């Protein structure tokens, strides 16, 4: 099978829209449910703003998958000449929905990740860097959303091919759209890489061993999976410009749009998985950390860190670098020192 599934060129790719969408919907619900459980029952007992943003981002990502499957139901993944004419309008409506939902979903997920980082760091330079990245994400998302919404004026022309043919001046040229998608794809990858690199500097200033720093850096680097997925999505965006059978190959692009965001959702919840395992498998984990701590001791440690994060500990004003080696690691892994 070649990179973009040309082995199925004589069939359809409609089934792929469902085989990608349904499993990832179920996995994302499970992942976010675990995250909420850990926060409410093992950590601070209260959801933070990054948790709310992640829940919202997951909701819109699920909506994106549903819109993708509607696209597949009406013709995306079929060869263009085989799509029934009566399916064009609902297919185009769903396609516009996928564009807008992708922007909203990925915006909330990225903001959630950055808010999590800001929750564990109080030093001014790092916080301003975080604020800059958040502004970058928000600005690009807003610009992209409105460009896509008004790619035709009025937007209803987007799903009316007849009117588009009669009034081509009311819609953005296909070549211009493709150029916009390519520029947008590059900027998104820059954002993704920046979000991965951002916490590495914070980790390296922690008072802990190099081994543990590398371990925490590796934990955050799980997000590279999302960067890789975004790069694959960008590959398909580029390839669409060269394909005459646009709607057939668009199935790959839409699938990777959702996979990219799901990868971010899963990777950003890796820290809560770590806390869950440590809580329910205390003997195994305490042994690996060279500690005889009981589950109760671990829980109290999280509570102490929660107090620090709410400004009740004098070392909090210096950020996470003021903590001990064990507390520094716990502060990051246990939901940003809630």
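The values are calculated or read from the model by the stated rules, or taken from the named source; none is laboratory data. Source: prediction; values computed, not measured. When we count neighbours, we look across all protein chains shown, and the Cβ atoms used for this are built from the backbone with ideal geometry, even at glycine.
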Can you tell me which residue within the range 69-80, out of those that are surrounded by fewer than 24 Cβ atoms within 10 Å (Cβ to Cβ) and outside any loop (DSSP other than H, G, I, E, B), is farthest from the chain's Cα centre (by Cα)? 80
Qualifying residue in the range 125-143 (condition: without any contact (Cβ under 8 Å) to a residue 60 or more places away in the chain, crowded, with 20+ Cβ neighbours inside 10 Å and closer than 17 Å to residue 237 by Cα): no
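Quick grid of which residues meet (1) under 16 Å from residue 271 (Cα atoms); (2) out of contact with any helix residue (DSSP H, G or I) (no Cβ under 8 Å at 6 or more places or on another chain); (3) at pLDDT below 85; (4) surrounded by 21 or more Cβ atoms within 10 Å (Cβ to Cβ):
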{"position": "204", "(1), (2), (3), (4)": "no, no, yes, no"}
{"position": "207", "(1), (2), (3), (4)": "no, no, yes, no"}
{"position": "210", "(1), (2), (3), (4)": "no, yes, yes, no"}
{"position": "214", "(1), (2), (3), (4)": "yes, yes, yes, no"}
{"position": "223", "(1), (2), (3), (4)": "yes, no, yes, yes"}
{"position": "230", "(1), (2), (3), (4)": "no, no, no, yes"}
Identify, please: which residue in the range 40-68 is within 19 Å of residue 18 (Cβ to Cβ) and free of Cβ contacts under 8 Å to residues at least 40 places away in the same chain and is, among those, farthest from the chain's Cα centre (by Cα)? 67
